[in-house]
Amino acid sequence: MAAEPDIREELCRLRARVPQLTGALVASTDGHVLAQDTPGVAPETVAALTATALGVVARLSDATGQGEFRELLVRGVYGYAAAYPAGRGAVLTLLAQDRVNVGRLHLEGRRAGVRIGELVDAETAATAVPRAAPAQLPAASGPAAPPPPDKPPVVQPTGPPTGPTGPPAEPSSGRPAEPRPESAPRTPAKTPAKSAARTRTPRAPRTTGNARTTTDS
């Protein structure tokens, strides 16, 4: 973490102001150690237990209507363990001797939590800035792709319509069309009657040279 040196320096100043402190640790709310000064104590264990305790305390505070978490104080036979919020995503845990002034412990712990929270939140905001999108490279030069082939033109028929012929339909004028008078049926033309049977002209009897002609004497 880039802000770890500044956080460790703040922890050192805090231990100087409260000599009865035996350890100080800053961890994220999910149990990851950010900075620590806890000689003789495993910092990973303290960070994990602090995150678990905060979850229980938050539910207890919400169930009893006490509002948002402000601080946690545990007293044992040999001393105290206190936790204070440090920004939106971290917590400060302090270990102190039994003879510590509890009022002074709370006062210095709250002040240090505010200063450490500012450092943690500033680094979180800096790392959350989205990176600029990389510039797009120009397209590789090369022969241009051939254009797509043109579609053949659609030829419209120009001949006479093949449907039934008739007078064009009159445009609709909003009034019902009047019925057209029916035309009288056409009567077929009479064909002239065939002439009567042909009259045959009687032929003259044939005369031969052997026929005898009788004359009156």
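The values are calculated or read from the model by the stated rules, or taken from the named source; none is laboratory data. Computed from a predicted structure; not experimentally measured. Cβ sites come from the backbone with ideal geometry, for glycine too, and all protein chains shown count toward neighbours. Quick note on the areas: whole protein, heavy atoms, side chains included, nothing else; ligands and nucleic acids left out. Shrake-Rupley method; radii C 1.70, N 1.55, O 1.52, S 1.80 Å.
A few points about this structure:
- If you go through the stretch 20-48 and keep only what is open to solvent by 70 Å² or more (accessible area, probe 1.4 Å), touching a strand residue (DSSP E or B) at 6+ places or on another chain (Cβ under 9 Å) and on the phi < 0 side of the Ramachandran plot, you end up with 29, 39, 44.
- Of all the listed residues (8, 13, 75), the sole one being exposed (fewer than 15 other Cβ atoms within 10 Å of the Cβ) and closer than 17 Å to residue 116 by Cα is 13.
- Residue check: residue 65 meets all listed conditions (1) more than 17 Å from residue 94 (Cβ to Cβ); (2) surrounded by 15 or more Cβ atoms within 10 Å (Cβ to Cβ) but one, namely (2).
- Out of 83, 90, one residue alone is within 27 Å of residue 126 (Cβ to Cβ), in contact (Cβ under 8 Å) with a residue 60 or more places away in the chain and either surrounded by 16 or more Cβ atoms within 10 Å (Cβ to Cβ) or aromatic (Phe, Trp, Tyr) (or both). It is 90.
- Looking only at the stretch 1-37, and only at residues there that are in contact with a Lys or Arg (Cβ under 7 Å, 6 or more places away or on another chain) and among the small types (Gly, Ala, Ser), the one that is nearest to residue 110 (Cα to Cα): 24
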